[in-house]
Amino acid sequence: MTAPAGADGVAGAIQLRFGGSGGQGLQLSAKILAAALLRAGRTIALSQSYEPTSRGGVSRSDIVVGEGRAPADYPLATELDFLVLLDDVAAPSSLPLVRAGGLVLADASRVTLDSDGAITTRFLPFIALARSLGHERVANVVALGALIAAGDFCPLAAVEAALREETPRKFLDINVEALAAGHRLVMAPLAGVPGATAGA
């Protein structure tokens with residue numbers, strides 16, 4: 001699925017959410033993407049809700065992108081085009097907001113969803129891939145790379161530039177690698193990606 005566009009070719013409005021549990025770095029992913037979208041000339045509204053990991057709480061971060069360069073009509077997400085899920089705990093509050101025809105990118109090990117023919121779901125090994133790179137904590141950046149590839153609404157170069165600005169130097173290399181790996185995860189044929197599956 002690619003991002004919606006208007007009849008005149010102007011980039012359409014987009015609503016997206018990163019959802020999971022506290023401590024998974026979802027606010028950072030959203031902050032990086034928001035900065036990248038601003039670099040690309042889009043207008044955005046960012047909202048977040050966070051509960052500590054110690055409570056097993058839900059963490060989510062939403063971005064509403066205005067059509068073209070226009071501000072978003074409403075700053076809160078009400079009908080998601082894209083949903084990234086890193087943990088089952090965020091599914092009940094997020095799935096009802098996904099519009100018909102929307103796309104869900106879900107971690108293959110931490111998320112279990114029933115098939116819904118109205119939306120497209122792809123189960124991808126975000127956490128497993130992050131572990132293979134050296135640390136599970138970069139799963140959020142793997143997921144960000146996958147979202148950019150699947151949605152095609154923001155240049156990868158803009159996201160990498162924002163990532164480099166937001167990441168401490170000692171963690172920069174693994175995060176840049178994680179972004180690229182997540183992007184390849186979606187761009188590569190599913191048959192060639194271990195642990196990657198597509199749903200209805």
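Quick notes on this one:
- Output for the stretch 1-35, where each listed residue is farther than 15 Å from ALA146 by Cα, among the hydrophobic types (A, V, I, L, M, F, W, C) and modelled with pLDDT of 90 or more: ILE14, LEU28, ALA34, ALA35
- Test: residue in the stretch 40-61 that is surrounded by fewer than 23 Cβ atoms within 10 Å (Cβ to Cβ), part of a loop (DSSP other than H, G, I, E, B) and hydroxyl-bearing (Ser, Thr, Tyr): yes
- Just one of (1) surrounded by 15 or more Cβ atoms within 10 Å (Cβ to Cβ); (2) touching a strand residue (DSSP E or B) at 6+ places or on another chain (Cβ under 7 Å); (3) in a loop (DSSP other than H, G, I, E, B) fails for GLY102. It is (3).
- Residue that is surrounded by the fewest Cβ atoms within 10 Å (Cβ to Cβ) [pool: residues in the stretch 81-94 that are in a helix (DSSP H, G or I) and either among the β-branched types (Val, Ile, Thr) or in contact with a strand residue (DSSP E or B) (Cβ under 7 Å, 6 or more places away or on another chain) (or both)]: SER93
- Residue within the stretch 69-80 that is crowded, with 19+ Cβ neighbours inside 10 Å and β-branched (Val, Ile, Thr) present: no
- Any chance SER115 is among the hydroxyl-bearing types (Ser, Thr, Tyr) and more than 23 Å from GLY145 (Cβ to Cβ): yes
- Identity of the residue in the stretch 16-34, touching a Ser or Thr at 6+ places or on another chain (Cβ under 6 Å) and in a loop (DSSP other than H, G, I, E, B), that ends up surrounded by the fewest Cβ atoms within 10 Å (Cβ to Cβ): GLY23
The values are calculated or read from the model by the stated rules, or taken from the named source; none is laboratory data. Keep in mind that this is a model prediction, so the values were computed, not measured. Note: ideal-geometry Cβ built from the backbone for every residue, glycine included; neighbour counts use all protein chains shown.
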